[in-house]
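Trainee: Below you'll find the structure I mean.
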Amino acid sequence: MNILLTGGAGYIGSHTAVELLKEGHSVTIIDNLSNSSFKVVERIEKLTNKRVSFYKEDLLYTTRLKDVLDEHKIEAVIHFAGLKAVGESVSEPLTYYKINILSTINLCESMIASGVRDLVFSSSATVYGEPIRMPIDEETPVIDATNPYAQSKAMIEKILQDLSTAQPEFNVALLRYFNPGGAHVSGDIGEDPTGIPNNLLPFISQVAVGMRDKLVVFGDDYPTPDGTCIRDYIHVVDLAKGHIAAIEKLKEKPGLVAYNLGTGTGSSVLDIIRAFESANSLTIPFVIGARRPGDIPVSYTNPALAKAELNWQTKKSIEDICRDAWNWQKRNPKGYSEP
Ligand code: UD1
């Protein structure tokens, strides 16, 4: 299939591009490179020995979207592009709503104009807010989001639902990610956050490589067995493969569908520190700090629906995540900014 990836030079997009190319699909990427690098595209091509069509365009302003869809005979779009830093979204809500929502609307308008009907959207488990039950299944209500980033994801989900009601031939898979981590096993592509990482795994990797002194564990007084928060960490390559399964599903089950993509197993912050240490035979210095505002104690999925309907489940372990994250970091201590 000919597939367009918006934000395809980003962390999850680049891993998905590699898996798609390996499966024989053609990949076109649109990315404004605001939080990524053209080197990612070169690495994707090197890893797969295949060519990628790349456009440095901003979805908010580009006038070329329909032409790109037409020219490459695009059959499905995976929409990764968007802003994703929770803290920044609190201080810059208008930027988050404008970029995340308007770029999605522009994309959908161009898809409709070009006759492209299948869209996979990068959503997030964050749309469940403080979930009313655990594990989280797709019937768990999407309730008030706690920050503008999360709210923008929930709003886009709603917009896409309304669009699919109005235009039943427009098919959408909403993929609600749990906590992605790890990197491609080659260590050639991985997560390259700008500035101080917000997320746990890249922070631990940067401590391991000596860029940061120590990890601060945000609270050890939660109602969990060891007092630290529990999350469902999913290897980015497993997550990438979930997108391929979703694209295939849209062909046989049109309409709008939502799937949680996670492992179904929760790990605490201390579990992750220990797993990283033992997978890589090193020590991660850490201290216990205050809780981070907005964190919920526990979050993990019930992966049954994705397994039943997408025939997809995760294969990689926390150890794989930790080993591959460290391999990427060691080989690219400064991410993509070094040769
Ligand atoms: C966060 C976002 C979520 C977003 C996701 C993207 C918040 C409240 N949630 O999820 O909306 O979709 O990233 O990947 O920001 N931790 C530490 N020390 C650190 C960093 C994290 O102890 O330096 C802890 C956190 O308290 C949390 C766990 O590690 O318990 C995971 O944190 P993180 O990687 O930021 O993911 P989420 O908070 O689950």
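Any read-out appearing in this document is the output of simple, stated calculations on the displayed coordinates, not a laboratory observation. On a predicted model such as this, the values are computed, not experimentally measured, just so you know. Every residue, glycine among them, receives a Cβ derived from its backbone with ideal geometry; neighbour counts consider all protein chains shown.
Trainee: Determine if region 151-161 includes at least one residue that is within 11 Å of the ligand (Cβ to nearest atom), within 17 Å of Ser299 (Cβ to Cβ) and in contact with a Cys (Cβ under 8 Å, 6 or more places away or on another chain).
Mentor: Scanning region 151-161 turns up no residue that is within 11 Å of the ligand (Cβ to nearest atom), within 17 Å of Ser299 (Cβ to Cβ) and in contact with a Cys (Cβ under 8 Å, 6 or more places away or on another chain).
Trainee: If I go through region 114-146 residue by residue, how many of them are crowded, with 18+ Cβ neighbours inside 10 Å and within 13 Å of the ligand (Cβ to nearest atom)?
Mentor: 11
Trainee: Could you list, in sequence order, the residues of region 12-34 that are of a type in the set (Gly, Ala, Ser) and surrounded by fewer than 17 Cβ atoms within 10 Å (Cβ to Cβ)?
Mentor: Selection gives Gly24, Ser34.
Trainee: Shifting gears a bit: Please name all residue pairs, on different chains or six or more residues apart, with Cβ atoms under 9 Å, provided the first residue is in region 80-92 and is on the phi > 0 side of the Ramachandran plot and the second residue is within 11 Å of the ligand (Cβ to nearest atom).
Mentor: Cβ pairs passing all conditions: Gly82/Ser122; Gly82/Tyr149; Gly82/Ser152; Gly82/Lys153.
Trainee: Could you list, ordered by first residue, the pairs with Cβ atoms under 9 Å in which the first is in region 101-125 and on the phi > 0 side of the Ramachandran plot and the second is surrounded by 17 or more Cβ atoms within 10 Å (Cβ to Cβ) and in a helix (DSSP H, G or I), at least 6 apart or interchain?
Mentor: Correct list of pairs: Gly115/Leu69.
Trainee: Kindly provide the set of residues from region 62-86 that are in a helix (DSSP H, G or I) and out of contact with any strand residue (DSSP E or B) (no Cβ under 9 Å at 6 or more places or on another chain), ordered by number.
Mentor: Result: Lys66, Asp67, Asp70, Val86.
Trainee: What's the total number of residues in region 35-82 that are touching a Leu at 6+ places or on another chain (Cβ under 7 Å), charged (D, E, K, R) and crowded, with 16+ Cβ neighbours inside 10 Å?
Mentor: The total comes to 1.
Trainee: I'd like to know if region 282-303 contains one or more residues that are away from the ligand (no atom under 15 Å from the Cβ), outside any loop (DSSP other than H, G, I, E, B) and under 21 Å from the mean Cα position of the chain (by Cα).
Mentor: Checking region 282-303: not a single residue is away from the ligand (no atom under 15 Å from the Cβ), outside any loop (DSSP other than H, G, I, E, B) and under 21 Å from the mean Cα position of the chain (by Cα).
Trainee: Among the residues of region 259-288, which ones are of a type in the set (Gly, Ala, Ser) and crowded, with 20+ Cβ neighbours inside 10 Å?
Mentor: Listed by number, the residues that qualify are Gly262, Gly266, Ser267, Ser268, Ala275.
Trainee: So the check is Cβ under 7 Å with 6+ separation or different chains; which pairs have a first residue in region 226-245 that's over 11 Å from Ile12 (Cβ atoms) and touching a residue at least 12 places away in the same chain (Cβ under 8 Å) and a second one that's part of a strand (DSSP E or B) and more than 11 Å from the ligand (Cβ to nearest atom)?
Mentor: Asp232/Thr301
Trainee: Is it fair to say Thr314 is hydroxyl-bearing (Ser, Thr, Tyr), more than 10 Å from the ligand (Cβ to nearest atom) and within 22 Å of Tyr222 (Cα to Cα)?
Mentor: no
Trainee: Need a quick list: strands (runs of 3 or more DSSP E) entirely within region 164-281 having at least 1 residues that are more than 9 Å from the ligand (Cβ to nearest atom) and in contact with a Pro (Cβ under 9 Å, 6 or more places away or on another chain).
Mentor: 171-177, 233-235, 256-261
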